[in-house]
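Engineer: One structure, pasted below without further comment.
The values are calculated or read from the model by the stated rules, or taken from the named source; none is laboratory data. Keep in mind that what you see is a predicted model, and the values were worked out from it rather than measured. Every residue, glycine as well, gets a Cβ built from its backbone with ideal geometry; the counts of neighbours run over all protein chains shown. To get the accessible areas, we keep the full protein, side chains included, count just its heavy atoms, and leave off ligands, DNA and RNA. Shrake-Rupley method; radii C 1.70, N 1.55, O 1.52, S 1.80 Å.
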Amino acid sequence: AQSVTQLDSQVPVFEEAPVELRCNYSSSVSVYLFWYVQYPNQGLQLLLKYLSGSTLVKGINGFEAEFNKSQTSFHLRKPSVHISDTAEYFCAVSPADAGGTSYGKLTFGQGTILTVHP
Amino acid sequence: DSGVTQTPKHLITATGQRVTLRCSPRSGDLSVYWYQQSLDQGLQFLIQYYNGEERAKGNILERFSAQQFPDLHSELNLSSLELGDSALYFCASSVVGLPYNEQFFGPGTRLTVL
């Protein structure tokens, strides 16, 4: 089974400041890692994903994340945030084995609400 | 717009009732997922279908059932509704339902049980 912990439930930050949203996971098998964003009254949209290869992954809207296997972390970063980045961010994992009963299932963290102030 | 449509957008009903939520996946996607988002449980995976067959199951209650039809749309049936079933229900779709496939989420159906 997998579990995901997002270490901050809320992160307030000023516009143009850098931000880091923290995510740790636990799994007995290899996993794929994802960050999704949910704007108010909308569904989730994929920001970026780590499948294999380079541990630094770049996504949409200037976001990037770094996979750290030893620390089982996948923190999301942006060097300079905008007001429009205000949203809830979800870290998620999916088991990497192609079989099993949890095939394709995403396990989400509790979410981090990012609020960007002018 | 993700290309995934869900109807209805809002649903208000009473305890003990039964409702059906509908999802149309993106054109070409064969796999459909259902998730429940509530304040106390967060976002939880319910069930996944691939080309009409159940592929994976999460913490879906026995009062809940789902199916995927030959035209690939899916329905989630919730019966004997309780107050605690009030939540946002999301449908997502992906190309073939592999773990690394991106899941595209619909706008959700907000269910309120009174």
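Engineer: Could you state the number of Å between the C-alpha centres of the stretch A:46-97 and the stretch A:1-27?
Structural biologist: Each part reduced to its Cα centre gives a spacing of 10 Å.
Engineer: 7 Å from Cα along Cα→Cβ at both B:Ala14 and A:Ser9: what's the point-to-point distance in nm?
Structural biologist: Each label point lies 7 Å from its Cα, and together they span 3.5 nm.
Engineer: Taking the Cα atoms of the stretch A:1-62, what is the range of coordinates along each of the three principal axes, in descending order and whole Å?
Structural biologist: That works out to 38, 24, 23 Å along the principal axes.
Engineer: Using unit Cβ charges (K, R positive; D, E negative) and no other charged atoms, how large, in debye to the nearest 20, is the dipole of chain B about its Cα centre?
Structural biologist: With only Lys, Arg, Asp and Glu charged at Cβ, the dipole is about 160 debye.
Engineer: Also, I was wondering about something else. What translational diffusion coefficient, to the nearest whole µm²/s, does the stretch A:10-118 have by Stokes-Einstein, given a Kirkwood radius computed over alpha-carbon pairs, a temperature of 4 °C and 1.567 mPa s viscosity?
Structural biologist: 90 µm²/s
Engineer: So if R0 is 22 Å, what FRET efficiency would B:Asn77 and B:Glu102 give, r being the distance between their Cβ atoms, rounded to the nearest 0.05?
Structural biologist: That gives a FRET efficiency of 0.25.
Engineer: If you add up the charges near A:Pro18, with Lys and Arg at +1 and Asp and Glu at -1, over every other residue whose beta carbon is less than 12 angstrom from its beta carbon, what do you get?
Structural biologist: With Lys, Arg at +1 and Asp, Glu at -1, the net is -3.
Engineer: Here is a further query. Given chain B, report the % of alpha carbon pairs whose separation exceeds 19 Å.
Structural biologist: Across chain B, Cα pairs with separations above 19 Å total 38 percent.
Engineer: Do the alpha carbons of any pairs in A:Lys69/B:Lys57; A:Lys58/A:Lys78; A:Lys105/B:Lys57; A:Lys49/A:Lys78; A:Lys58/A:Lys105 sit beyond 18 Å of each other, and which pairs?
Structural biologist: Correct reply: A:Lys69/B:Lys57; A:Lys58/A:Lys105.
Engineer: So which GluC sites (Glu not before Pro) in the stretch A:2-87 are both in a DSSP loop and have at most 12 other Cβ atoms within 10 Å of their Cβ?
Structural biologist: Those that pass, being in a loop and sparsely packed, are A:Glu16.
Engineer: Which one, B:Gln44, B:Leu111, B:Ser93, is farthest towards the positive end of the dipole of chain B when Lys and Arg carry +1 and Asp and Glu -1 on their Cβ?
Structural biologist: The residue sitting farthest along the positive end of the dipole is B:Leu111.
Engineer: When the solvent-accessible surface of protein heavy atoms is calculated with a 1.4 angstrom probe, in what order do A:Ser54, A:Ser94 fall, highest first?
Structural biologist: Accessible-area ranking of A:Ser54, A:Ser94, largest first: A:Ser54, A:Ser94.
Engineer: Between B:Ser65 and A:Asp97, with labels modelled 7 Å along Cα→Cβ, what's the label distance in nm to one decimal, could you check?
Structural biologist: Each label point is offset 7 Å from its Cα along the Cβ direction, giving 3.1 nm.
Engineer: Now, a different point. How large are Rg and Dmax for the protein assembly as shown when only the alpha carbon atoms are used, in Å?
Structural biologist: For the protein assembly as shown, the Cα-based Rg and Dmax read 17.5, 51 Å.
Engineer: In the stretch B:1-49, which trypsin sites (Lys or Arg not before Pro) are in a loop and have at most 14 other Cβ atoms within 10 Å, using DSSP for the loop call?
Structural biologist: Sparse-neighbourhood loop trypsin sites (Lys or Arg not before Pro): B:Lys9, B:Arg18.
Engineer: Note down the Stokes-Einstein diffusion coefficient of the stretch B:1-64 in µm²/s, whole number, using a Kirkwood radius over alpha carbon pairs, 10 °C, and 1.306 mPa s.
Structural biologist: Answer from the Stokes-Einstein relation: 117 µm²/s.
Engineer: Under a point-charge model restricted to the Cβ atoms of Lys and Arg (+1) and Asp and Glu (-1), what is the dipole moment magnitude of chain A relative to its Cα centre, in debye to the nearest 20?
Structural biologist: Dipole about the Cα centre, nearest 20: 320 debye.
Engineer: Ok, one more. Can you tally the net charge around B:Ile47? Count Lys and Arg as +1, Asp and Glu as -1, for every other residue whose Cβ sits under 14 Å from the Cβ of B:Ile47.
Structural biologist: 0
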